[in-house]
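The structure under discussion appears below in the form of structure tokens.
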């Protein structure tokens, strides 16, 4: 399948992300979208990323655009730099998917591209290659500014006395996490650095990874373990027992910490926030940061002073207002939803686990089947959506409500939820579940993934 836009950027097999295709998309973006007078370019640590980044920069310079090479850095660090420079940006990354795939994330002068921008980019593909002169290429240490944002925003003692394991793997933020924990007064313990790319999906950690996290907590006496996906726009965190704190729980805690009043989040996120009086308005969207950003922008248009945030079930957090210490950054970020709950726990004198347990008792789980093509997933979901008898046979439970905002989300009598959806980034069929206990939510995911495997072979 040829590379195409998913929930957040262009994705495809490395073998299909040819020089011609990458340069064509870069030209189309520069022609169709507002990029200011320059283009910031960054990349993750996949083996294919340096070459693809070079093609992006060459295409931009041939287009007469000055290139600012930011090297390997987290996606939110690149976004922060391009927003500050009122320029466009391209991040070369496949995020959490395997190294045989890669992609491009595009940013206009105001932030992430919208779905309308994607349409315009696709419409400009195939345009003639240009051969214009451009100003000399520059380098920029965007990572330093990104880290300073959080060191200044939280203060030097925000993590004082906390012993934090840093699961480094091949995250592009692996050294940045160590640096920021140390700068905030914590004791950072680097763990499992890898020179081979590891596709860590923070939303679907396998049992071996979970056991590894618990083992580290015991062995090193940790207060928490932190990590990210490949391009560091999604957080991962486990408490002192090694229990993983889901991304939408990190999102709720971070929202509380910041004093947010309005939350924009996909329909797949934990519904506990509806029981929390601190939040005056909750808008549920389709899955993908462009939809979350659109909802945040609508809230800000209605009231520019509104304290709005967004987050996804994977934990990527978007800040839409200035809380006095941190300015807005409306792109998925990993550091804010890691640092805010840890600092909050220390400030309240409780463990991370105790802090999580103060939230309403509602639990989510998620996992996926890999190797299922998107059209196969869509066909199966369409069958269930259109036929109540098919749903009754598949789910074998009494249906109370049906939500087709994004995929098929079924609420059963008793309040349990199962949500089926094709991945927008890879050939994967995802299953989300929600229940009144963590074990029950996990059981629902296991049960329905097994049913999907049986149905789809």
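Which numbered condition in (1) at pLDDT below 95; (2) over 19 Å from the mean Cα position of the chain (by Cα); (3) buried (at least 21 other Cβ atoms within 10 Å of the Cβ) is the only one that residue 37 fails?
Going through the list (1) at pLDDT below 95; (2) over 19 Å from the mean Cα position of the chain (by Cα); (3) buried (at least 21 other Cβ atoms within 10 Å of the Cβ), residue 37 breaks only (3).
In the range 231-272, what count of residues is obtained for those that are within 14 Å of the chain's Cα centre (by Cα) and either without any contact (Cβ under 8 Å) to a residue 12 or more places away in the chain or part of a loop (DSSP other than H, G, I, E, B) (or both)?
Final tally of qualifying residues: 7.
Can you tell me which residues in the range 99-118 are closer than 26 Å to residue 372 by Cα and out of contact with any strand residue (DSSP E or B) (no Cβ under 9 Å at 6 or more places or on another chain)?
Passing the criteria: only 99.
Kindly indicate whether residue 338 is part of a helix (DSSP H, G or I), touching a strand residue (DSSP E or B) at 6+ places or on another chain (Cβ under 8 Å) and at negative phi.
yes
What are the residues in the range 348-376 that are closer than 27 Å to residue 210 by Cβ, part of a helix (DSSP H, G or I) and in contact with a helix residue (DSSP H, G or I) (Cβ under 8 Å, 6 or more places away or on another chain), if any?
Those that are closer than 27 Å to residue 210 by Cβ, part of a helix (DSSP H, G or I) and in contact with a helix residue (DSSP H, G or I) (Cβ under 8 Å, 6 or more places away or on another chain): 348, 352, 354, 355, 356.
I'm checking my understanding of the structure. Among residues of the range 1-21 that are at pLDDT 90 or above and touching a strand residue (DSSP E or B) at 6+ places or on another chain (Cβ under 7 Å), which one is surrounded by the fewest Cβ atoms within 10 Å (Cβ to Cβ)?
13
Give me a count of the residues in the range 193-204 that are in contact with a helix residue (DSSP H, G or I) (Cβ under 8 Å, 6 or more places away or on another chain) and modelled with pLDDT under 95.
Keep residues of the range 193-204 that are in contact with a helix residue (DSSP H, G or I) (Cβ under 8 Å, 6 or more places away or on another chain), which gives 193, 200, 202-203.
Then keep just the ones that are modelled with pLDDT under 95; that gives 200, 202-203.
Final tally of qualifying residues: 3.
Taking the condition of being touching a residue at least 60 places away in the same chain (Cβ under 8 Å) and under 19 Å from residue 72 (Cα atoms), how many residues in the range 155-176 meet it?
Applying the first criterion (touching a residue at least 60 places away in the same chain (Cβ under 8 Å)) to the range 155-176 yields 158-167, 170-173, 176.
So of that shortlist, the ones also under 19 Å from residue 72 (Cα atoms) come out as 166-167, 170-173, 176.
Selection size over the range 155-176: 7.
Just give me the residues in the range 394-424 being crowded, with 17+ Cβ neighbours inside 10 Å, without any contact (Cβ under 8 Å) to a residue 24 or more places away in the chain and closer than 14 Å to residue 382 by Cα, in sequence order.
410
Which ones in the range 273-290 are within 25 Å of residue 416 (Cβ to Cβ) and not in a loop (DSSP other than H, G, I, E, B)?
273, 274, 275, 282, 283, 284, 285
Do you know which residues across the range 35-52 are within 22 Å of residue 136 (Cα to Cα) and either touching a helix residue (DSSP H, G or I) at 6+ places or on another chain (Cβ under 9 Å) or part of a strand (DSSP E or B) (or both)?
35, 36, 38, 39, 40, 41, 42, 43, 51, 52
Among the numbered criteria (1) in contact (Cβ under 8 Å) with a residue 24 or more places away in the chain; (2) buried (at least 17 other Cβ atoms within 10 Å of the Cβ), which single criterion is violated by residue 275?
With (1) in contact (Cβ under 8 Å) with a residue 24 or more places away in the chain; (2) buried (at least 17 other Cβ atoms within 10 Å of the Cβ) applied to residue 275, the lone miss is (2).
Which of the residues spanning the range 1-34 are touching a residue at least 60 places away in the same chain (Cβ under 8 Å) and in a strand (DSSP E or B)?
5, 6, 9, 10, 11, 12, 13
Provide a single number: the residues in the range 156-167 that are touching a strand residue (DSSP E or B) at 6+ places or on another chain (Cβ under 9 Å) and surrounded by fewer than 20 Cβ atoms within 10 Å (Cβ to Cβ).
2
Only one residue in 306, 331 is in contact with a strand residue (DSSP E or B) (Cβ under 6 Å, 6 or more places away or on another chain) and assigned to a strand (DSSP E or B), so which one is that? It would help to see each step written out before you state the result.
Values: 306 fails: assigned to a strand (DSSP E or B).
Among 306, 331, only 331 is in contact with a strand residue (DSSP E or B) (Cβ under 6 Å, 6 or more places away or on another chain) and assigned to a strand (DSSP E or B).
Of (1) assigned to a loop (DSSP other than H, G, I, E, B); (2) under 21 Å from the mean Cα position of the chain (by Cα), residue 178 satisfies all except one. Which?
So residue 178 meets the others, but not (1).
Among the numbered criteria (1) surrounded by fewer than 21 Cβ atoms within 10 Å (Cβ to Cβ); (2) within 22 Å of residue 229 (Cβ to Cβ), which one does residue 153 miss?
It fails just one condition, (2).
Within the range 130-140, track down each residue that is touching a strand residue (DSSP E or B) at 6+ places or on another chain (Cβ under 6 Å), loosely packed, with under 12 Cβ neighbours inside 10 Å and outside any strand (DSSP E or B).
Scanning the range 130-140 gives no hits.
The values are calculated or read from the model by the stated rules, or taken from the named source; none is laboratory data. Note that the coordinates shown come from a computational prediction; the quantities given were computed from them, not determined experimentally. Please note: Cβ atoms are built from the backbone with ideal geometry, for glycine as well, and neighbour counts cover all protein chains shown.
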